[in-house]
Every structure is written in C-alpha cells, then in structure tokens.
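Take a look at the structure below.
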C-alpha cells in the first residue's frame with residue numbers, strides 16, 4: 001500500500017508546461033489519482049473482468065474503462081470461455097465473488113499496478129491490472145486474469 005501523502009510527478013514538456021494527451025500518446029497523469037480512489041476502481045474492474053469471463057456480464061459494460069488492447073484480449077477470453085461452456089453444456093451464471101487481498105503500487109507515470117486475489121465458490125482467480133490516468137479518469141491499460 002502507498003503512503004497517504006503520495007503524489008505522482010506531473011509530466012512536462014521542454015518548456016516546463018504540462019503535456020496534454022494527444023492522439024497516439026499513452027495516457028498520462030495530468031491529475032494524479034488518489035490511492036483509495038484507484039483501489040476502488042481496481043477492485044470493481046477485477047470483479048467485472050471475472051464476471052465477464054464467467055459469462056454473467058456483457059463485455060461492453062467496461063469498454064469505456066479499458067484500452068482497446070485490453071478490450072480485444074478480453075473479447076478473445078470471452079469467446080474461449082463461451083465455447084468451453086457450450087461444449088460441456090454448462091450454463092453461465094453469476095458467480096458469488098469476493099476479494100481476499102489487494103496489492104497496490106504506484107507507477108512512474110502516475111498510475112497504479114495491482115494484483116488482486118478474487119475468490120468464487122470453486123477456485124481463486126488472480127487478476128493483475130495496471131491503470132493510468134487519462135486526463136480526468138482512470139483507464140485499465142493491462143488486465144490479466146489467471
């Protein structure tokens with residue numbers, strides 16, 4: 001966990017002015033997120049990702065909160081999980097999930113990396129995430145569910 005007084009460095013150009021996010025640039029922290037705000041966002045994103053793979057939630061529900069690469073990766077995982085359920089005859093249901101542990105660490109760009117341990121009745125899932133600030137809100141730039 002980070003200290004309450006953590007503040008990420010603001011990104012500046014050669015003249016000392018803040019750099020805006022432009023097309024083709026990675027999301028950059030103009031206004032750094034607070035660790036508690038980031039942890040709430042990471043928890044809900046991790047739970048949503050596990051529910052999406054389980055077939056209980058639509059992938060489109062988190063489209064605005066993740067990058068295109070993360071969305072494409074999740075789309076592949078969803079199609080694989082749906083095919084596996086179709087082969088075995090399993091019906092998708094909403095899993096009862098709870099979070100046991102969250103490890104959160106700041107990045108140099110003002111974002112956060114997290115590893116979240118999510119349990120359901122059958123087994124634990126490890127969700128690894130990276131979020132970065134895109135001007136005013138956080139977006140998931142890396143999301144891996146094991």
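The values are calculated or read from the model by the stated rules, or taken from the named source; none is laboratory data. Only a predicted model underlies this, so the values are computations on that prediction, with no experimental measurement involved. No Cβ is skipped: glycine too gets one built from the backbone with ideal geometry, and neighbour counts run over all protein chains shown.
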Members of segment 97-123 that are within 21 Å of residue 81 (Cα to Cα) and out of contact with any strand residue (DSSP E or B) (no Cβ under 6 Å at 6 or more places or on another chain): 120, 121, 122, 123
Can you find a residue in segment 127-146 that is loosely packed, with under 12 Cβ neighbours inside 10 Å and either closer than 17 Å to residue 40 by Cα or in contact with a strand residue (DSSP E or B) (Cβ under 8 Å, 6 or more places away or on another chain) (or both)? yes
Take the conditions farther than 15 Å from residue 44 by Cβ, free of Cβ contacts under 8 Å to residues at least 40 places away in the same chain and in a helix (DSSP H, G or I) and apply them to residue 79. Does it pass? yes
Would you please name the residue that is nearest to the chain's Cα centre (by Cα), looking only at residues in segment 44-66 that are surrounded by fewer than 18 Cβ atoms within 10 Å (Cβ to Cβ) and under 22 Å from residue 132 (Cβ atoms)? 44
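Looking at the structure I just gave you, is residue 101 closer than 20 Å to residue 36 by Cα and either in a strand (DSSP E or B) or at pLDDT 90 or above (or both)?
Numbers: closer than 20 Å to residue 36 by Cα: yes; either in a strand (DSSP E or B) or at pLDDT 90 or above (or both): yes.
So residue 101 passes the test.
To keep it simple, each residue is scored yes or no on (1) on the phi > 0 side of the Ramachandran plot; (2) out of contact with any strand residue (DSSP E or B) (no Cβ under 8 Å at 6 or more places or on another chain); (3) in a loop (DSSP other than H, G, I, E, B); (4) at pLDDT below 55.
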{"site": "9", "(1), (2), (3), (4)": "no, yes, yes, yes"}
{"site": "33", "(1), (2), (3), (4)": "no, no, yes, no"}
{"site": "39", "(1), (2), (3), (4)": "no, no, no, no"}
{"site": "51", "(1), (2), (3), (4)": "no, yes, no, no"}
{"site": "75", "(1), (2), (3), (4)": "no, yes, no, no"}
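If you scan segment 87-98, which residues turn out to be farther than 13 Å from residue 51 by Cβ and surrounded by 10 or more Cβ atoms within 10 Å (Cβ to Cβ)?
If we filter segment 87-98 for residues that are farther than 13 Å from residue 51 by Cβ, which is where we start, we get 87-91.
Correct list: 90 only.
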